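Please read the structure below before turning to the comments.
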Amino acid sequence: MATDINRFAAIIAHCKEYGFIFPSSEIYDGLAAVYDYGQWGSELKKNIKDYWWKSMTQLHENIVGIDAAIFMHPTTWKASGHVDNFSDPMIDNKDSNKRYRVDHLLEAKADSLEKEGHEDQAEILLKEMDTLLAANDFDGLKRLIEQYKITCTVSGTGNWTEVRQFNLMFSTQIGSVSDEASEIYLRPETAQGIFVNFLNVQKTGRMKIPFGIAQIGKAFRNEIVARQFIFRMREFEQMEMQFFVRPGTQKEWYERWKEQRMQWHLSLGIPADKYRFHDHVKLAHYADAACDIEYNFPIGFKEVEGIHSRTDFDLKSHQEYSKKKMQYFDNDIDEATGKPYGNYIPYVIETSIGLDRTVLMVLSEAYEEQDLSTEDRKDSRVVLKFPPKLAPIKLAILPLVKKDGLPEIARSIMDTCKPHFRCFYEEKDTIGKRYRRMDAIGTPFCITVDHQTKEDNTVTIRYRDTMLQERIAISEILTIVQSAL
Ligand code: GAP
């Protein structure tokens, strides 16, 4: 049985063994902090993506989606502030040459203090860290590392360099000429693709403020500390939504989106006590308020989603750099003046959730090791209790034996069900082994076609979570599965 400490390792191993997530280019020993989704992982990821997309666009009449390119004009990143500000304070250990993000070093120390029962000290350390980060006080951060006698995990020494800033953007060359003008960046966030298209969408979609633009796509960051499986990757996916509002109303919309996003998280079937909000003390260069939604991963409470009140920083800055107007004409009447609100640059509330982190959250919540031993026999299973709507496969169709016409009946059920949801057909191995394999990839329903089916058109349905089995008519299968979705 996995303890809390090794649960994370058990989940990673399970993901690899059952076709969810593999290290990238594994035959060449992998690439640090880059992962590939396998056959079931990619289904799970797509289901999460579709669920988010539907909740944002289909269920909000005033939110539309776009799909912008990863490559953007390099000035985008000057305007957004990423060239100058998208960096993290880092420190190197002189003996191992290993580089660390300062906040991660200090957070790890706070975690270990907490585990040793020194919660008060941990809290003081985190508070001090927040204050120093907010003040960009690099000398103070180094002093804090020394004060808590933090050492490098490789060399074991506290022989540190000064704290310095490192930019996290990847750059590459576009075209055949390699000069400075051809250098472009791989986007570190999808948000800028939305900002530069703000007027295109507003005009062609005849959108009226308040309205939102949503997008799902890849982002790239040269993360220094990247040892936490798909929690922190160098290539990852974001699901972002920028909501454009009238200046002065941003606080109210920020609170509304905080509430709405928490409701979305709860709709994944994850209990409220597994989540918490964390308000930012050190705000990003574009924000006037920001918080994270954190989930209690096996590695502790960590950020899954950020909600940011981004002011008019981005649109204003793009207007300045591009010399193109980024204004909106609001013809609603301002009650205070009796006149239309007129031209302004909208303020923005952003919701930004990491798709890969959501996959990890859903996997962490679903993973369960169960001891099913009885007096006579040892037995156990690993089950992924995904909400049916997110499960990679919804229904497994299993003929009891490979003969007597049972595969033909099972195939015909498969043909009826597969246009409606993802099904899986399997006739190899004992039925018990097949059930266990389906538990391990989180399939909520299995049906078994046996000899009785030939007589009365019924099958056995087996429910993943309870392992209960009951007899139902073939004609009921579709309705039972669909109502669970
Ligand atoms: N546009 C705002 C933005 O990018 P962020 O807090 O830097 O804000 C948003 O990122 C979300 O993207 C995070 O909450 C996290 O879920 C995800 N994310 C960020 N860096 C990541 C990484 N290196 N690997 C995986 N997910 C990451």
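The values are calculated or read from the model by the stated rules, or taken from the named source; none is laboratory data. As the structure is a computational prediction, the values presented were derived from the model and not from experiment. All Cβ positions, glycine included, derive from the backbone under ideal geometry; neighbour counts span all protein chains shown. To get the accessible areas, we keep the full protein, side chains included, count just its heavy atoms, and leave off ligands, DNA and RNA. Shrake-Rupley method; radii C 1.70, N 1.55, O 1.52, S 1.80 Å.
With both labels modelled 7 Å from their Cα along Cα-to-Cβ, the residue 334 to residue 203 distance reads 2.5 nm.
Estimated from the Cβ-Cβ distance and a Förster radius of 22 angstrom, the FRET efficiency linking residue 146 and residue 222 is about 0.25. Look at the dipole of the stretch 393-484 built from charges on Cβ: of 469, 421, 457, the Cα furthest out on the positive end belongs to 421.
Proximity of backbone amide H atoms, modeled 1.01 Å from N, is registered between residue 173 and 184 at under 5 Å, excluding neighbours fewer than 5 places apart on the same chain.
Provide the net charge surrounding residue 425, with neighbours chosen by a C-beta distance below 15 Å and charges set as Lys +1, Arg +1, Asp -1, Glu -1.
+3
At full extension, residue 154 and residue 288 could sit 44.4 nm farther apart than now, given 0.36 nm per residue minus the alpha carbon distance. P(r) tail, the stretch 87-239: Cα-Cα pairs separated by more than 25 Å, 50% of all pairs.
The protection proxy used here, the mean number of other Cβ atoms lying within 10 Å of each residue, ranks peptides 378-388, 437-447 as follows, highest first: 437-447, 378-388.
For the stretch 342-481, what are the per-bin percents of Cα-Cα distances with bins 5 Å wide, up to the bin holding the maximum? Percent of pairs per bin, in order: 2, 9, 17, 18, 16, 11, 9, 5, 3, 3, 2, 2, 1, 1, 0, 0.
Taking the C-alpha atoms only, the angle from helix 119-134 to the longest principal axis of the chain is near 50 degrees. Loop-located GluC sites (Glu not before Pro) in the stretch 362-406 (DSSP state other than H, G, I, E, B) with a sparse environment of at most 11 neighbouring Cβ atoms within 10 Å: 375. In this structure the stretch 237-362 gives 43 Å² per residue of accessible area when probed at 1.4 Å with all protein chains present. Each residue, residue 428 and residue 316, gets one label point 7 Å from its Cα in the Cβ direction; the gap between the two is 6.3 nm. The length gained by stretching the chain between residue 267 and residue 85 to full extension, at 0.36 nm per residue less their Cα-Cα distance, is 62.0 nm. Can you compute the label reach from residue 472? Point 7 Å from Cα along the Cβ direction, backbone N cut-off under 18 Å, restricted to the stretch 420-438. Those under the cut-off are 420-426, 435, 438.
Taking the Cα centre of the chain as the origin, how large is its charge dipole in debye, to the nearest 20, when only Lys and Arg (+1) and Asp and Glu (-1) carry charge on their Cβ atoms? Value, rounded to 20: 1140 debye. What you get for the stretch 393-484, charging only the Cβ of Lys and Arg (+1) and of Asp and Glu (-1), is a dipole of about 380 debye around the Cα centre. Estimated from helices alone, the mean residue ellipticity of the chain at 222 nm is -10000 deg cm²/dmol (sum of -39500 (n - 2.57) over DSSP H runs with n ≥ 4, per residue).
Only one residue of 113, 153, 40 has its Cα farthest out toward the positive end of the dipole of the chain, where Lys and Arg carry +1 and Asp and Glu -1 on Cβ, and that residue is 40. Express the carbon and sulfur contribution to the solvent-accessible surface of the stretch 393-484 as a percent, rounded to the nearest whole number, probe 1.4 angstrom. That fraction is 53 percent. Taking the longest Cα principal axis of the chain as reference, the axis of helix 313-322 is set at about 70 degrees. Within the shell defined by Cβ-Cβ distances under 12 Å, the residues around residue 252 carry a net charge of +2, with Lys and Arg each +1 and Asp and Glu each -1.
Please state the charge dipole magnitude for the stretch 18-125, taken about the Cα centre, from unit charges on C-beta atoms (+1 on K and R, -1 on D and E), reported in debye and rounded to the nearest 20. Walk me through the numbers before you get to the answer.
Values: 11 positive and 19 negative charges, 100 e Å.
The calculated dipole for the stretch 18-125 is roughly 480 debye.
One compactness figure for the chain is 1.13, namely its Cα radius of gyration divided by 2.2 N^0.38 Å. Applied to the stretch 298-307, the Karplus parametrisation 6.51 cos²θ - 1.76 cosθ + 1.60 on θ = phi - 60° returns per-residue 3J(HN,Hα) values of x, 9, x, 5, 9, 5, 10, 9, x, 10 Hz, with x for Gly and Pro.
Working out 0.36 nm times the residue gap between residue 25 and residue 279, then minus their Cα-Cα distance, what length gain in nm do you get to one decimal?
Working: separation 254, 0.36 × 254 = 91.44 nm, distance 3.78 nm.
Full-extension gain reported as 87.7 nm.
In the stretch 67-177, the ratio of gyration radius to Kirkwood radius, Rg to Rh, stands at 1.10 when only Cα atoms are counted.
In this label model, residue 378 and residue 123 are separated by 4.5 nm, measuring between points 7 Å along each Cα→Cβ vector.
Quick one: Debye curve from the alpha-carbon atoms of the stretch 408-463 only, equal weights, vacuum; give me log10 I(q)/I(0) at q = 0.29, 0.30 Å⁻¹ to two decimals. So the normalised log intensities work out to -1.40, -1.42.
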